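Where a number appears in this text, it was derived from the coordinates with a stated rule and is not lab data. Please read these numbers as outputs of a predicted model, since none were measured by experiment. Glycine also receives a Cβ, built like all others from the backbone with ideal geometry; neighbour counts cover every protein chain displayed.
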Amino acid sequence: MIKDIQQDILRIKKEKGITILAHSYQAEEIQEIADYTGDSFRLSELAVNAPNDIVIMCGVHFMAETCKLLSPGKKVILAKEGCGCPMAEQLSADELRQLKGLYPEHTVVAYINTTAELKTECDVCVTSSSAVDICRKIENDKILFIPDCNLGAYVAEQIPEKQFKLIQGGCPIHATVREKDALDIKAQHPDALMLVHPECVPAVTKHADYIGSTSGIVNFAMKSDAKEFIIGTEISIAEHLQYVCPDKDFYPLSKHLICPNMKRTTLMDVYKALNGGGLEIEMSEEVMKKASVCINRMLELG
Ligand code: 13P
Ligand code: SF4
């Protein structure tokens with residue numbers, strides 16, 4: 001049954017000239033039918049160069065928006081309507097305007113996990129893999145980092161010469177992991193290296209052997225000579241690594257590391273999106289223009 005739907009999807013996307021992108025947190029059967037898989041930023045970059053003018057994003061809403069901002073001429077469809085990242089919606093543009101009033105001398109750095117509307121109020125965007133590098137390159141040494149205080153704390157620790165203002169926000173999935181989880185699983189697998197996403201709280205990341213983005217974690221594990229790894233990010237990364245590196249062992253840092261919104265897209269949703277379903281991403285010209293500024297600044301500095 002799964003194979004039949006996959007065959008239909010592959011046929012239809014070829015006939016209609018549609019590119020399918022799947023974030024690496026998506027289910028394996030969706031990644032199998034995608035033209036490209038990867039982290040959110042890499043997918044948007046790939047969409048720019050994709051030969052087709054229609055792109056289906058299997059992921060969450062801000063990823064499809066980023067894709068549209070980078071490829072305004074393309075039709076971008078989120079495979080399943082309603083899949084959002086709760087962190088991206090934690091702060092409204094109005095609230096950010098108020099914060100900017102309190103910290104007028106700060107450069108506003110936004111994690112890419114934000115809505116396009118919020119990006120219209122930001123100076124520079126970053127991804128988890130580029131955040132440290134970009135914050136270092138910003139000329140201003142006062143930075144208002146939104147919305148993830150855990151990623152922000154990690155970046156601030158790497159750049160002690162700058163002043164960071166953080167706000168209370170973050171990923172409700174990664175932030176559920178507690179220090180005790182890290183200590184318990186390390187005790188169970190004392191030879192394993194622990195690789196952790198910076199969206200986890202500092203009490204967890206301080207025990208990590210490596211801290212990095214989704215792609216950083218995958219690359220580290222694939223290249224490392226070590227044989228055992230504790231994976232501190234969404235559970236599909238541990239599953240994917242186990243699939244591609246059968247000679248190594250991967251243990252999820254916590255069984256709670258499951259992003260429900262990333263898991264809501266099914267093969268049938270992709271099938272329907274190929275046939276007129278899903279949510280087409282549309283933004284006003286003003287939002288497109290203003291939100292692109294901080295994305296383009298990220299590209300210049302990254
Ligand atoms: P990436 O930017 O690594 O794709 O991560 C997105 C995300 O939502 C992490 O939780
Ligand atoms: Fe958002 Fe967290 Fe899910 Fe990533 S894992 S999409 S940050 S809720």
Out of Leu102, Leu96, Leu118, which single residue is touching a Leu at 6+ places or on another chain (Cβ under 8 Å) and more than 16 Å from ligand 1 (Cβ to nearest atom)?
-> Leu96
Just wondering, is there one or more residues in the range 263-270 that are surrounded by fewer than 22 Cβ atoms within 10 Å (Cβ to Cβ), over 21 Å from the mean Cα position of the chain (by Cα) and not in a helix (DSSP H, G or I)?
-> no
Run down Thr115, Thr107 and say which single residue is among the hydroxyl-bearing types (Ser, Thr, Tyr), under 19 Å from Ser40 (Cα atoms) and touching a residue at least 12 places away in the same chain (Cβ under 8 Å).
-> Thr115
Scan the range 19-40 residue by residue and report those that are within 13 Å of ligand 2 (Cβ to nearest atom) and either closer than 18 Å to Leu70 by Cα or among the acidic types (Asp, Glu) (or both).
-> His23, Asp39, Ser40
Where a residue in the range 227-242 is in contact (Cβ under 8 Å) with a residue 24 or more places away in the chain and in a loop (DSSP other than H, G, I, E, B) and its partner, wherever it lies, is more than 16 Å from ligand 1 (Cβ to nearest atom) and among the acidic types (Asp, Glu), with Cβ under 8 Å and at least six apart = Lys227/Asp191; Lys227/Asp247; Lys227/Asp249
Just one of Glu29, Glu15 is surrounded by 14 or more Cβ atoms within 10 Å (Cβ to Cβ) and not in a loop (DSSP other than H, G, I, E, B); which is it?
-> Glu29
Please indicate, with yes or no, whether at least one residue in the range 51-64 is in a loop (DSSP other than H, G, I, E, B), within 18 Å of the chain's Cα centre (by Cα) and within 13 Å of ligand 2 (Cβ to nearest atom).
-> yes
Does any residue of the range 203-210 turn out to be within 16 Å of ligand 1 (Cβ to nearest atom) and assigned to a helix (DSSP H, G or I)?
-> yes
Conditions: (1) within 27 Å of Pro72 (Cβ to Cβ); (2) surrounded by fewer than 17 Cβ atoms within 10 Å (Cβ to Cβ); (3) away from ligand 1 (no atom under 16 Å from the Cβ); (4) within 22 Å of the chain's Cα centre (by Cα). Lys255 meets all but one. Number of the miss?
-> (1)
